[in-house]
Amino acid sequence: MSTILITGGAGFIGSHLAEELLRHGYDVRVLDSLVGQVHGGSTPPPYLSPEAELVVADVRDGQAVRDALDGVDAVVHLAARVGVGQSMYELSDYTSVNTYGTAVLLEALLDRPVRKLIVASSMSIYGEGATTPVAAVERRRQDLEARRFEPRGANGEELTAHPTPETKQPANSSVYALTKYDQERLCLVYGEAYGVPVVALRFFNAYGPRQALSNPYTGVLAIFASRLLNDRPPLVFEDGEQRRDFVNVFDVARACRLALELDAADGQALNVGSGESVTVTEIARKLAHVLDVEIEPQVTGKFRAGDIRHCFADITLARELLGFEPRVGLERGIAELAEWLETQTAEDRVDHATDELVARGLAR
C-alpha cells in the first residue's frame, strides 16, 4: 500500500484529496501549518479525515518536511498562500511560502526521493485567457479607470475569448500568479534533472464544501456565499461580465489521483477545469437562487490590480492523457454547496479586505 504526503493537505482541496486517496486504498499523511486565516484556529480541522496522519508544520521547515517524507511513496504539493489581491501587498510572505517553501520541499526530496510528485499550479499563470484573432495584451490602469474592461490586441484589435489551452504563453499579472508559476516550474525542472515523474495541474476556479467562508481572499463563490449568508449583496468588480471556469472540488481531487496513478502526463502541465464558462454576475445569481435569498449582486464598476478579464479551460489534454472528465456539473455542484452552507456560519470580512486594497491603491 502506497503512502502519499499531501502538503497543505488540511485545506479545502487537500482534505477532499485525502478522502479520495483513502477511498482508493492509499495511506495518507498531511503536512499543514493550519494558517489561522484559512482554518480559524481549529486543530485539527473537524472535516479532516481521522484516517489521515496530520503533521502540523510549515513547509518552509526543512527538518519537518524531511521527517514527513519518511516512508512516503509520492507527494502532492498543495501548500501555498492563495489570493490575488492579498498577494499584491504581502509580497514577502507569498514569495516565501509559495516559492521558497517549494524549494525547501524539493531539497528535502533530494535526500528522500519519491516515485512521483504532483504540484498544484493555477489558471492565474495565464493572465488573460486565449483570444482571437490575436493575443490580448495586459490591461492598463487608464483603460480600467475609463471602464474599458475588455482587453484588446497590441494594435487595438477587438477580441473574442476562447477556452485556454496549455500552449497559451503565461503572463503573470499578480504576485500570486508569479509564485504559482514558480512552483510549477521549480517542480518540473527538478523532475527533469533528477528523473522524477512530475505533473503540474493548473487548477481553475475550484469550489465546493469546506472553502474558508470567512477568508475574504478565497474563491469567489465562497466570498459571495459569506455575503449572502449575512444578508448582503455579493460585490462584483468591473461590469460583472468577466468569464471564469468553476470546477468542483471532487473533480479536482479525482484529477490529482489520476495524475498520481497514470504516467501519460509525466513531465507536463495540464489544465483541470470544467471546460465551461460563466460570468461572475451569473454565478452570483445562481448561488443566491439555490440559497433562496432574493439579493441581487452589486456590480461596483471598481477594479483590482492583478485581476484578469476572461479565462476558462480547454481540458482536451487532461481528457487525452488522464481520461479526466468532469462529473459534477455546475447546477448540481452549487446545489450541494448550498446544502453545506446551511450548516455554516460565515463572518463577512469582504468590506475590510476591499478597504485594504483601496487604501493601498490596488482597487478603485
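For every residue, the table says whether it meets (1) open to solvent by less than 50 Å² (accessible area, probe 1.4 Å); (2) among the charged types (D, E, K, R); (3) touching a helix residue (DSSP H, G or I) at 6+ places or on another chain (Cβ under 9 Å); (4) in contact (Cβ under 8 Å) with a residue 60 or more places away in the chain.
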| position | (1), (2), (3), (4) |
| --- | --- |
| His77 | yes, no, yes, yes |
| Gln86 | yes, no, yes, yes |
| Tyr94 | yes, no, yes, yes |
| Val104 | yes, no, yes, no |
| Pro163 | no, no, yes, yes |
**Request:** Answer yes if at least one residue in the stretch 196-203 is small (Gly, Ala, Ser) and under 16 Å from the mean Cα position of the chain (by Cα), and no otherwise.
**Result:** yes
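A quick yes/no check of all residues on (1) among the acidic types (Asp, Glu); (2) under 17 Å from Glu184 (Cα atoms); (3) within 18 Å of the chain's Cα centre (by Cα):
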{"site": "Val82", "(1), (2), (3)": "no, yes, yes"}
{"site": "Gly85", "(1), (2), (3)": "no, no, yes"}
{"site": "Asp93", "(1), (2), (3)": "yes, no, yes"}
{"site": "Asn98", "(1), (2), (3)": "no, yes, yes"}
{"site": "Leu106", "(1), (2), (3)": "no, yes, no"}
{"site": "Met123", "(1), (2), (3)": "no, yes, yes"}
{"site": "Val137", "(1), (2), (3)": "no, no, no"}
**Asked** Within the stretch 138-146, can one find any residue that is open to solvent by 20 Å² or more (accessible area, probe 1.4 Å) and under 30 Å from Leu21 (Cα atoms)?
**Response** no
**Prompt:** Among (1) among the acidic types (Asp, Glu); (2) assigned to a loop (DSSP other than H, G, I, E, B); (3) under 30 Å from Arg257 (Cβ atoms), which single condition is Glu158 missing?
**Reply:** (3)
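To keep it simple, each residue is scored yes or no on (1) within 30 Å of Ala264 (Cβ to Cβ); (2) not small (Gly, Ala, Ser).
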{"residue": "Val114", "(1), (2)": "yes, yes"}
{"residue": "Glu128", "(1), (2)": "yes, yes"}
{"residue": "Val134", "(1), (2)": "no, yes"}
{"residue": "Gly153", "(1), (2)": "no, no"}
{"residue": "Thr167", "(1), (2)": "yes, yes"}
{"residue": "Glu184", "(1), (2)": "yes, yes"}
**Request:** Could you please find all residues in the stretch 258-287 being of a type in the set (A, V, I, L, M, F, W, C) and closer than 18 Å to Asn248 by Cα?
**Result:** Leu258, Ala259, Leu270, Val272, Val278, Val280, Ile283, Ala284, Leu287
**Prompt:** Can we say Thr279 is at pLDDT below 95 and over 20 Å from Leu201 (Cα atoms)?
**Reply:** no
**Prompt:** Just a yes or no: is a residue in the stretch 86-101 of a type in the set (D, E, K, R) and within 17 Å of Phe203 (Cα to Cα)?
**Reply:** no
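The rows are residues; the columns are (1) surrounded by fewer than 24 Cβ atoms within 10 Å (Cβ to Cβ); (2) not in a helix (DSSP H, G or I).
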| residue | (1), (2) |
| --- | --- |
| Ser226 | no, no |
| Asp231 | yes, yes |
| Asp251 | yes, no |
| Arg254 | yes, no |
| Ala269 | yes, yes |
| Thr281 | yes, no |
| Lys286 | yes, no |
| Gly301 | yes, yes |
| Gly306 | yes, yes |
**Request:** Considering each residue of the stretch 147-156, count those that are under 19 Å from Cys311 (Cβ atoms), open to solvent by 50 Å² or more (accessible area, probe 1.4 Å) and either within 23 Å of the chain's Cα centre (by Cα) or in contact (Cβ under 8 Å) with a residue 24 or more places away in the chain (or both), and give that number.
**Result:** 1
**Complete:** Just one listed residue, out of Arg319, Arg327, is in a helix (DSSP H, G or I), open to solvent by 70 Å² or more (accessible area, probe 1.4 Å) and modelled with pLDDT of 90 or more, and it is Arg319
**Residue that is acidic (Asp, Glu), without any contact (Cβ under 8 Å) to a residue 12 or more places away in the chain and more than 23 Å from Thr7 (Cα to Cα), where the choices are Glu238, Glu276, Glu294, Glu261** = Glu294
**Residue count, the stretch 115-146 (criterion: hydroxyl-bearing (Ser, Thr, Tyr) and assigned to a loop (DSSP other than H, G, I, E, B))** = 0
**Asked** Looking at the stretch 174-193, which of the residues that are among the small types (Gly, Ala, Ser) and within 18 Å of Ala108 (Cβ to Cβ) is most open to solvent (accessible area, probe 1.4 Å)?
**Response** Ala193
**Asked** Within the stretch 205-224, which residues are part of a loop (DSSP other than H, G, I, E, B), modelled with pLDDT of 85 or more and surrounded by fewer than 24 Cβ atoms within 10 Å (Cβ to Cβ)?
**Response** Pro209, Arg210
**Request:** Return the total of residues in the stretch 234-247 being part of a loop (DSSP other than H, G, I, E, B) and either at pLDDT below 95 or open to solvent by less than 20 Å² (accessible area, probe 1.4 Å) (or both).
**Result:** 6
**Item:** Identity of the residue in the stretch 47-75, over 18 Å from Leu22 (Cα atoms) and not aliphatic (A, V, I, L, M), that ends up least open to solvent (accessible area, probe 1.4 Å)
**Value:** Gly62
**Complete:** The residue that is farthest from Gly219 (Cα to Cα), considering only those in the stretch 8-44 that are out of contact with any Gly (no Cβ under 8 Å at 6 or more places or on another chain) and surrounded by 24 or more Cβ atoms within 10 Å (Cβ to Cβ), is Leu21
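The values are calculated or read from the model by the stated rules, or taken from the named source; none is laboratory data. Only a predicted model underlies this, so the values are computations on that prediction, with no experimental measurement involved. Positions of Cβ are backbone-derived with ideal geometry, glycine not excepted, and every protein chain shown enters the neighbour counts. The accessibility values were calculated without ligands, DNA or RNA, using every heavy atom of the protein model including side chains. Shrake-Rupley method; radii C 1.70, N 1.55, O 1.52, S 1.80 Å.
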